[in-house]
1. Based on the Cα gyration tensor of the chain, what are the three equivalent ellipsoid semi-axes, each the root of five times an eigenvalue, rounded to whole Å and given largest first?
2. Picking from 98, 24, 134, which is most flexible by a Gaussian network model of the chain using Cα springs under 10 Å?
3. Tell me the carbon and sulfur percent of the accessible area for region 46-86, rounded to whole percent, probe radius 1.4 Å.
4. Please give, to one decimal in nm, the separation of the simple spin-label points placed at residue 50 and residue 155, each 7 Å out from Cα toward the Cβ.
5. What do you reckon, how do 203, 108 stack up by accessible area (1.4 Å probe), largest on top?
6. Please figure out what share of the DSSP beta bridges in the chain is antiparallel and state it in percent, rounded to the nearest 5.
7. Among the GluC sites (Glu not before Pro) in region 132-228, which ones are in a DSSP loop with at most 13 other Cβ atoms within 10 Å of the Cβ? Mind listing them?
8. Given a 1.4 Å probe and every protein chain left where it sits, what share in percent of the accessible area of region 103-168 is carbon and sulfur?
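The values are calculated or read from the model by the stated rules, or taken from the named source; none is laboratory data. No experiment lies behind these values; they were computed from the predicted model shown. Cβ sites come from the backbone with ideal geometry, for glycine too, and all protein chains shown count toward neighbours. Surface areas here come from the heavy atoms of the whole protein model, side chains and all, with no ligands, DNA or RNA. Shrake-Rupley method; radii C 1.70, N 1.55, O 1.52, S 1.80 Å.
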Amino acid sequence: MPVMEGAESFQIQKKDTMKSYEKLLLENKAWAGEKVHDDPDYFNRLAQVQTPEFLWIGCSDSRVPANEITGTQPGEIFVHRNVANMVVNTDVNLLAVLDYAVVHLKVKHVIVCGHYGCGGIKAATTNTDFKLVLNMWLRNIKDVYRLHREELDGIKEEEARMNRLVELNVKEQVANLAKTSIIQRAWKNENRPDLHGWVYGLKDGIIKPVFEMKAGTKIDSLYSYDGL
Ligand SMILES: [Zn+2]
């Protein structure tokens, strides 16, 4: 394998690290070669334009890759991922992605996909001090628990309770999408996108739909905007 100039001493020091990331680059070359072999125009076509029909808001967990578990190809899903697939109304990153996907790419569906066995969800139910930034983030999940405390406290078995919290969290994040003026404006003017709440099973690889809000769904009037 060719070694980049000047990288040799670094490679000796950090041989293992180099190997692991070099493998990614090597696999990338193999993948690109395979794509061109199967379809010589593949990258030319993708480089021109992207017209994804879906925005995916998923967990950053490495076991839940959006394209792989839905059998989709590059160009088909616009993706945003964060810890525990949250839709936080002060998160400029999420809102910029949502704005771009809805207003400019004109996606037809926004999918919030959580997953059973989510470490972020579980962490939020403990009293552990994870220090500044993580505490701030996980607080949003604690709020979901509090909203549904009666139902959740009634589930005695811990795994079942966590699974239900994962589902309820997805539902609340879908509802949070509907509270944005971005979604409300698109609903009013273009009758899209539909919002979907899904949960992926790490143990069987199956996605379970748990909640849906079709474009134009009536929401609590407190959150709806005039003059969109
Ligand atoms: Zn997760």
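1. So the three semi-axes of the chain are 35, 26, 17 Å.
2. Of 98, 24, 134, the most mobile in the Gaussian network model is 24.
3. Roughly 49 percent of what the probe reaches on region 46-86 is carbon or sulfur.
4. Result: 3.4 nm between the two label points.
5. Largest accessible area first, the list is 203, 108.
6. Rounded to the nearest five, the antiparallel share is 25 percent.
7. Values: sites: 150, 151, 157, 158, 159, 167, 172, 190, 212; in loops: 157.
Qualifying residues, ordered by number: 157.
8. Values: 2190 of 3890 Å².
Answer for region 103-168 is 56 percent, counting heavy atoms of protein chains only.
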